[in-house]
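Read-outs throughout are calculated quantities, based only on the coordinates presented, and are distinct from any laboratory measurement. Because the structure is a prediction, the values reported are computed rather than measured. Every residue, glycine among them, receives a Cβ derived from its backbone with ideal geometry; neighbour counts consider all protein chains shown.
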Amino acid sequence: MKSVSWLRFGIAALAVSLAAAARAEDAPQTCEVPAYLLTTESPLPKVAEAVKNGRTLNILVVGSRSSAILSASDANAYPARLQASLKDKLPAVTVNLAVELQPKKTAEETAGNLVKLVEGKRPNLVIWQTGTVDAMRSIDPDEFRQAVNDGVATLQNAGADVILMNLQYSPRTETLISVPPYIDNMRVVAQQRDVPLFDRFAIMRQWNEQGDFDLFNPTHGIELAKQVHDCLGRALSKFIIDAAHIGPAQQN
Amino acid sequence: MAASAIAATPAVTSVPTAPAASATTAAPAITFPAVGERELRLDLFRGLALWLIFIDHLPPNILTWFTIRNYGFSDATEIFIFISGYTAAFVYGRAMQDAGFVVATARILRRVWQIYVAHVFLFTIFLAEISYVATSFENPLYTEEMGIMDFLKQPDVTIVQALILRFRPVNMDVLPLYIVLMLFLPLILWLMRWRPDLTLALSVVLYAVTWEFDLYLSAYPNGFWAFNPFAWQLLFVFGAWCALGGAKRMSRILNSPITLGLCVAYLVAAFCVTLTWYIPQLGHLMPRRIEQWMYPIDKTDLDVLRFAHFLALAALTVHYLRKDWPLLKSRWLRPLIVCGQHSLEIFCLGVFLAFAGHFVLAEVSGGPMMHAMISLCGILAMWGVAALISWYKREADKGAARKGARSNADMAGGG
């Protein structure tokens, strides 16, 4: 028992010092995201192809309320920030972006709508932000996983690449919403269907721990929301460029 | 006098927590030991589980690295439920032997009532905190998440649903599970006294049926119980089975080098898997086929991988940590043991402190130092209150001894 606890202590101490070292490097840049959170093995072939050949990239964001900021213009929410950031990084590419909000809809309800949403738009990439409504309504995680799986399959059959985006890190509602089962199940689907998962939860938690944003604070005004969404949009653009293996040559 | 001693024990021992699971199996105490002799390993591990549950209920901080869920599949909940089953069977099993089925059932129901009242008390505190947070929280970033507070708009429905255990906030799932398990304890004990192995087999069958046919209890406003009683009863019944002789009959298997080797191998494998959760760079080392077979590791229905992980931990603990381990009597382990001896009180205190901790983090500041401080202060508070209860019980016992044994029984049993 004793030796075990020393081992644990050693591992914990190692982990803490590693985290401290990593933090020291990250500190100066605001809303920096550690590389491992923006790395994925799952490719985005349709995006890569569109950038290479067509020079036009059509993106569709499907999400619940947290894909927009209440009482702020859409230009401040992460989808628009993503578009701006992509245009910045890929000046030679036309980036079109549409947003379809599905407020208060569970993954299952949204999955049923996906065909209609994709129809006509012919996106190369669909970013599906989901999980929040399901977590709030305590949907059975197995059913949730099935619904996300079906939805991703629908989108893939429609000829689009898919990125899954999980929940926000929301410390103030932690005692009310049980998040882990939904995050775990989204990770499972991402693995099974070989689609990249944008881990919004871990990224925002990282920012909170690094001190970039104080997400605990109850009364932050609209500014905090705008900054977080801006950072999310930029992180997402890095994530997409990395997953699609868009080299520096194509970025010009 | 004997009666009072027995009544006193249930109050202390039967408390709902399960932390000591690992220690429990060890107890070869299968034949009821002399009254007054405590199995300190049970107290130790139950105390440990209480601390770990408290830390796990707080937002992640440095101390989170010390909780066992970071090093394998199972966590403190398994320990808690197993030890609960063990101690409950031990205490009320003896009551059933001495006083008969009806009296033992009555005592169990009284215990259930105490746990229920504790749960409702915690819910009241929770409601107060949430109402405050809801009225003072205005962050446009979390408009969607704040929708969860909508239940406050219908207090009539919400409170009634909470009273019938269907509405349970996060972190308040363990007591309702324990209430349901305790309600069935008379039946379990009755079966156990008749055919222990058959009872355990029935429990396994129920567990398998739960997985096959997806049995669950629904919750309010929607969803299901986060700890499925149909699945988690397996740990509870297994604890009871160990307490009533199973551990002794199993001891040859438990002490064989093959078992121990398998346990070590499994724990190491589980540790390697958990490493890939925290160091994502290692993720590509995991074969995809194993990942697809293994994930998700389901806590709601007590995944078999979790159960096996707990068994391995328990077997090793029981083997290497003997009942007469001298440190059990040392002052260094006193804080844990004393917490384990008053587990219902300390469990409730832990849930309350976790709420309070969230509140302080939200209202004052959320720095990492603050997180660590809150965890430490919480643990000190749990220790302090447990020591206070111990002191009070000792004094009350002294007073009661002068007046006669009868009142003593009530006092101790009621605590």
Please name which of A:239, A:149, A:36 has its Cα lying farthest along the dipole of chain A towards the positive end, using unit charges on Cβ (Lys, Arg +1; Asp, Glu -1) and the Cα centre as origin.
A:239
Cross-link partners among lysines for residue B:323, C-alpha distance below 19 Å, same-chain residues fewer than 8 apart left out?
A:2, B:248
Calculated over chain B: convex hull of Cα atoms, volume per residue (Å³)
166 Å³
Reachable lysines from residue B:398, Cα under 24 Å, same-chain residues fewer than 8 places away excluded?
B:329
Please identify which residues in region B:310-336 have an amide N closer than 14 Å to a label point set 7 Å out from the Cα of residue B:265, following the Cα→Cβ vector.
none
Cross-link pairs beyond the 26 Å C-alpha cut-off, checked among A:238/B:299; A:46/A:121; A:121/A:238; A:116/B:153; A:89/A:121; A:226/B:299:
A:238/B:299; A:116/B:153; A:226/B:299
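Which helices of chain B meet both criteria: a Cα extent of 27 Å or more along the helical axis and a mean Kyte-Doolittle score no lower than 0.0, with helices taken as whole DSSP H segments?
Qualifying helices: B:76-99, B:101-136, B:257-278, B:343-363, B:368-403.
Work out how much length residue B:322 to residue B:256 would gain on full extension: take 0.36 nm times their residue separation and subtract the Cα-Cα distance, in nm to one decimal. Mind dumping the intermediate values first?
Numbers: separation 66, 0.36 × 66 = 23.76 nm, distance 1.58 nm.
Contour length minus Cα-Cα distance gives 22.2 nm.
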Quick one: of the DSSP bridges fully inside the protein assembly as shown, what percent are antiparallel, nearest 5?
5 percent
To the nearest whole number, what is the average tally of beta carbon atoms from other chains within 10 Å of the beta carbons of peptide B:282-295?
2
Using a Förster distance of 45 Å, the FRET efficiency for residue A:73-residue B:215 (Cβ separation, nearest 0.05):
0.40
If the chain between residue B:138 and residue B:160 were fully stretched, how many nm would it gain, using 0.36 nm times the residue separation less the Cα-Cα distance?
5.1 nm
Give the calculated FRET efficiency between residue B:201 and residue A:122 to the nearest 0.05, with a Förster radius of 45 Å applied to their Cβ-Cβ distance.
0.15
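If you take the alpha carbon radius of gyration of the protein assembly as shown and divide it by 2.2 N^0.38 Å, what ratio comes out, to two decimals? Provide the component values of the computation, followed by the final result.
On the way: Rg = 26.7 Å, N = 667, 2.2 N^0.38 = 26.0 Å.
Taking the Cα Rg and dividing by 2.2 N^0.38 Å, one obtains 1.03.
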Quickly work out the residue B:380-to-residue B:292 label distance, labels modelled 7 Å from Cα along the C-beta direction, and quote it in nm with one decimal.
5.3 nm
